[in-house]
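Report on one structure; see the data block that follows.
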Amino acid sequence: MQIRDYVLRRLMVLPILIIGTSLIVFTLTRIGGSPIGIYLSHEMTQDEVAEIEERYGLDQPLPVQYLTWAGGMITGDWGWSGVAAAPVRQVFPNKLGATLELAVAAGVVAVALGIGLGTYGGSRRDRLPDHLTRVFSISGAAMPIFWFGILLLIVFWVGLGWAPIGRSNSNLFQSIAHPTGLYTVDALLAGNWSAFVDAVWHLLLPAVTLGFGTTAIITRMMRSSLVETLSEEYVDAARAKGLPEKLVLRRHARRNALIPTVTVIGLSFGFLLQGTVVVEIIFRWPGLGRWMADAVLRGDQATIMAYVMFTSVLFLMVNLVVDVTYAYLDRRVVLGA
Amino acid sequence: MAVDTAAGRSSRTLSGSLGTRLRRFGEISREVLRNPTTLIGLLLIVGMVAMALFAPLLIEPNTPNPYQMPRDWGALNEPPGTPGHILGTTQQGGDVLYGVIWGARTSLRLSLIVVSVTVVIGLIVGSLAGFVGGKVDELLMRLVDVFLSIPELIFALAIAAVLGPSFGNIILALAAVFWVKYARIIRGQVIHIKQNEYVDAARVIGDSKLRIYMKDVLPNSITPVVVQATLDMGNVVLIGATLSFIGLAEAGLAEWGVLVSQGQAGISAGRWWASTFPGLMVFLWALAFNLLGDGFRDILDPRTESKR
Amino acid sequence: MRRRIDRTRSFWAILLALAMVVAACTGTDTSDTTAGGTETTAGEETTETTGTTEAPDEGTDTTAAPSDGAVSNPDTFVHAADDEPTSLDPAQVEAGEGGETVILQVFDRLVEFSPEGPDLVPGLAEEVPSDDNGLISENGLTYTFMIREGVVDHLGNAVDATDVKYSWDRVLTMDLPESNAGVLAENISATEAPDPQTFVVTLNQPNAAFLNSVVTLAVASIVSEEAVEANGGIVAGEPNEFMATSPVGTGPYVFVEWNRGENLLFEINQDYWGTPANLDLRIEIVPDPDVRVLGIRAGDYDTIETDPSFVGDIEGAEGVTIFQGEFLLEPIHIAFNLNFPPDQIPADDTISADFFYDPLIRQAFNFAFDYEAFVNGALGGFGAPTPFYLPQGVLGYSEDLPVYSQDLAMAEQLFTEAGVWDEGFTVSVIAEQGNLFEIAALVLKDSLEGLNPNFSVNVLAVAEAQFDEAHASDPLPYAMWVKNADPFADPHAFLHEYMNPDGNWGQVHGFRNGYQEPDQIAEMIDEASVITDPDEREAIYQELASILYEDPMWIIAGNEVAVMAHRDWVQGFVMNPLWPRPSLKFALFDKG
């Protein structure tokens, strides 16, 4: 079908999925758990509890609560976070900036290493480098991120004394302005080299940890796509023409191998997103994932709901973009070559 | 995007007569044993499952509940090599080796329960959607889509969070999240079969839907389901351990994720053992099932064969 | 062929563009209103450990502590707290939570605890009312406070007795459920400010503990009428956002800024009526204990919230001193519920509704508990068992008071006498997850299950929110729970709250079902509360202690010792557990 029709159909389904997700999320927090618990102090009388209930609208019938919450999500009132002791909407941007920076850094690491390693292994098929990269890529998918992060901490932080935890040195951090909320970018914009180095230094271990699994997936995809493409006829034809191997690799094989890789890169987004929860706990990174973990442990339903909705919507949209891109590329490949 | 399984496209099925099936099974087993990575996976699995099954013989079970870590308030934070605690103790005096061994048992329980339950649910939902079709199919697949729109870990996290910290709730949360893939596989198979010519022929002969189901849908589905189930045996433990690590399991449970989490506090003081060994087990478990599952996929799915 | 490259490139271009757009949206400034006009920054958590850290078992110490002995941050005192305040408003702050220490620094009260102990010293009042100076009426119902002259708030407005009356009335009018307003409401019947330097309070009934258990509390802090009226005024039942996030008081520190998740900044009040502070103040929010430990070793922090269980990791660190003070006044207790609804407790529990009526059983539990394991396991050795609600530091305490210690033979004997030894029982105990309450519950579990395999204790370690909700229920749907007591300066407050059959817990837990002589206990507690002579009171409390020992309504797992790690360069260090956690008044410190 036309690409345009496909995109339109997906876009039309999107709101239904979002509403469906919101219903599930809302129902979850009301059937189990105690949405009011986070707002109580441990020595309150029943009357006081009732007052708190009223303040947060928890005495309303459930459908009303849902509509109030859903409406609030759209208009910008995302509730009160017990964990942060502030409105969710107020705290969100900073934490988002921290997580985004981490995820992007991890993605950069994963993409660079993945494509590089995959090409390296795929082009030396079935020889030692190939086997090594294959082992690496399989172990990457099975690697528990929380363990890998702790291992890195033990080796690099405690053992060797390199790389700090947390996001930054507080003095350096406070010395620059923060227009974007991304420490690295802000440091560059401020022209503050030591702040930039500080930012990257703090990003290193968490980004490698977070990106490890994705690196492995991309390596594997890249490698197998490359191998498959290298055996295609037209590559043989190019070789027959007498083109040097390197040129064959660069011009033909890699291009076609990129298509499934692009898909995987989009999909890895989901893994990166989920990995942030654990990585932020281990490296004391002040982002969304850590906030969600605290919210989960302390029963802060407002934060949980906002986080799940946000990540789901993001996930949906990224998947949409990936699917559309894939369909676009795929169609042309079928028609073009 | 079903990049993960080969639903509906596998022709290396286990359909046919019993004799054919047994022969196929023999062939597959041989191929599994021949491939080095798959073999390693299988050996690891055998080793860990044996450890799980023989746990009470390997190490004295804790009373009254062997799935609880033993606590020894007089032997806190002992390093590995201490007499009686070859892998050291935790900050509550629990023997790390006990945690490793009984944690395997816990993981086996977890993965078996979750995978069996999710396969059954997925079977039911997928068959319903495929056979009944129409509005029911639409509705169920929308539900599947909604479930898929929430990232797995986050969904499981939210469910376990609202239910409360306990092992049973982690099982529930994982089951609620993992069933969707099977539903899709089965539904895909059902639809594929429905469209297939020789089913029309069978219907002409008068075969009931149930017979078609038993004779064609199920055997054809076994392959992708087996691949997915094998992978899930690993992934369930991986995500389950992550949930426990975050703090959603009950206090003092002999479970790898719980132990890694507890051991974190000691890291800055140089106490590495309480986190490292249990975490290694999670890795090996997930690795083993991934190796085997990938091996199955390579062997059973002709599409990927060309890559070898 | 060329077209394909362009497509892939454009995909990446789009992705990059998206990333920049999202980045632009996240760059909003979220710091709160600043009262002091310093630069606002986006509120980020910036705790970190500087480069080199070394495991203590390795001989060399390569911490990045300033090797030349130079003091870090010479003009600012930096304290690392473990949690973030919820509200900075005296009329809203919850008893025992992080905001109370901020209120301690930023506000004054009429009288205060002296740094040395439970003695009271004047605050905004010129003299501490007593029988001798006649500022307490004969019948003990009226207290008169002479307010200092020339006190100004941080904005320059004059503060006098009318502000005092305003402050207290405000608390009672707002009556926020999470606040400590209940304490004021219980005691006070009227407030008056007949002239600008005189403030008079009339009580509902005489209370010998009024000064040290009510007037010194954070909720009784004096706010500035002008400042509040200019920023939202008083609205019954509603929080005041201004005061909750940027308080204005009369104390030695002026609030400057609150960077959520990061820190709170304060500067010296140059116009303070008392001795001004020496240094500016920064309270860093550092929830992770090891980050605090590494921070103090590196010199980034001057004091840190110190968890007794990791003191061992700091001991011996260069430049750091471990201060060990008095006992905290927050005994950790495990409750017996004599009033639980049998159909609401966890399904596994096999005990009947009258299980804890029998004092033999309650005594047996007390003998079974492994106090040593708890003190060593949870408190890292920094604590001790304690008599019932007369902790060391409180009037009535003496070394001779009866204290339970583990005696398994006794426990077995009592359980047998009570008739439950052979059959056994299963009971659940609920506690907050991940802290020493969970450990106390686990120790209880191990103690009982180790004693008799037929005894089974299920530990329900739940999220704080769930615990608080259960805890606030009446009747409480669990047979046992673990928490610490709220700290009080006066024995009456403890005994009334936790032991009096007509007190709060007495009613919720149905003490009258279990006490052998409930009326006697109630009478003795009430009697002691109105007597002003400390020796007479002490005698009554000590008699009470013996009675309560025989008829225990709690297991007191232990009492923590106040422990705090601080840098060597901190001068004038002093801690008073009667001040809200971390029990420090930063205005008293200097560095050098």
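Each reported figure results from applying straightforward, stated rules to the coordinates on display, with no laboratory input. Keep in mind that what you see is a predicted model, and the values were worked out from it rather than measured. Please note: Cβ atoms are built from the backbone with ideal geometry, for glycine as well, and neighbour counts cover all protein chains shown.
Descriptive notes on the structure:
- Note on A:298-308: average number of Cβ atoms from other chains within 10 Å of each residue's Cβ is 4.
- As a proxy for reagent exposure, ranking A:Arg167, A:Arg30 by other Cβ atoms within 10 Å from fewest up yields A:Arg30, A:Arg167.
- Taken residue by residue and averaged, Cβ atoms of other chains lying within 10 Å of the Cβ of A:86-96 number 5.
- Global form of region C:113-225, assessed from the alpha-carbon gyration tensor, a/c cut-off 1.5: rounded
- Spacing of the two label points (7 Å from each Cα toward its C-beta) at A:Thr27 and A:Leu314, in nm: 2.6
- For the pair C:Val121 and C:Asp535, label points projected 7 Å from Cα toward Cβ lie 2.8 nm apart.
- For region A:91-296, a simple Cβ point-charge model (Lys and Arg +1, Asp and Glu -1, everything else neutral) yields a dipole of about 500 debye relative to the Cα centre.
- Cα-centre dipole for region A:1-92 with unit charges at Cβ (Lys and Arg positive, Asp and Glu negative), debye to 20: 860
- Gyration tensor (alpha-carbon) shape descriptor, chain C, a/c threshold 1.5: oblate
- Report summary: the helix-based calculation at 222 nm, which adds -39500 (n - 2.57) for every DSSP H run with n ≥ 4 and divides by the residues of chain A, gives -25500 deg cm²/dmol.
- A straight line joining the Cα centroids of region C:438-512 and region A:145-169 runs 39 Å.
- Fewest neighbouring Cβ atoms within 10 Å first, the residues B:His85, C:His154 line up as B:His85, C:His154.
- For region C:405-450, the list of GluC sites (Glu not before Pro) that fall in a loop by DSSP and count at most 16 other C-beta atoms within 10 angstrom reads C:Glu423.
- Counting every other Cβ atom within 10 Å of each residue's Cβ, A:Ser41, C:Ser221 order from fewest to most as A:Ser41, C:Ser221.
- Over chain C, dividing the summed -39,500 (n - 2.57) contributions of all DSSP H runs of at least 4 residues by the number of residues returns a 222 nm mean residue ellipticity of -8500 deg cm²/dmol.
- Fully extended contour minus Cα-Cα distance, from C:Ser546 to C:Ser405, at 0.36 nm per residue: 49.3 nm
- For B:Gln92, the residues 5 or more places off, or on other chains, whose built amide H falls under 5 Å of its own are B:Asn77.
- Summarising the amide proton neighbourhood of C:Trp481: residues at separation of 5 or more, or on other chains, whose placed amide H is nearer than 5 Å comprise C:Ala335, C:Ile430.
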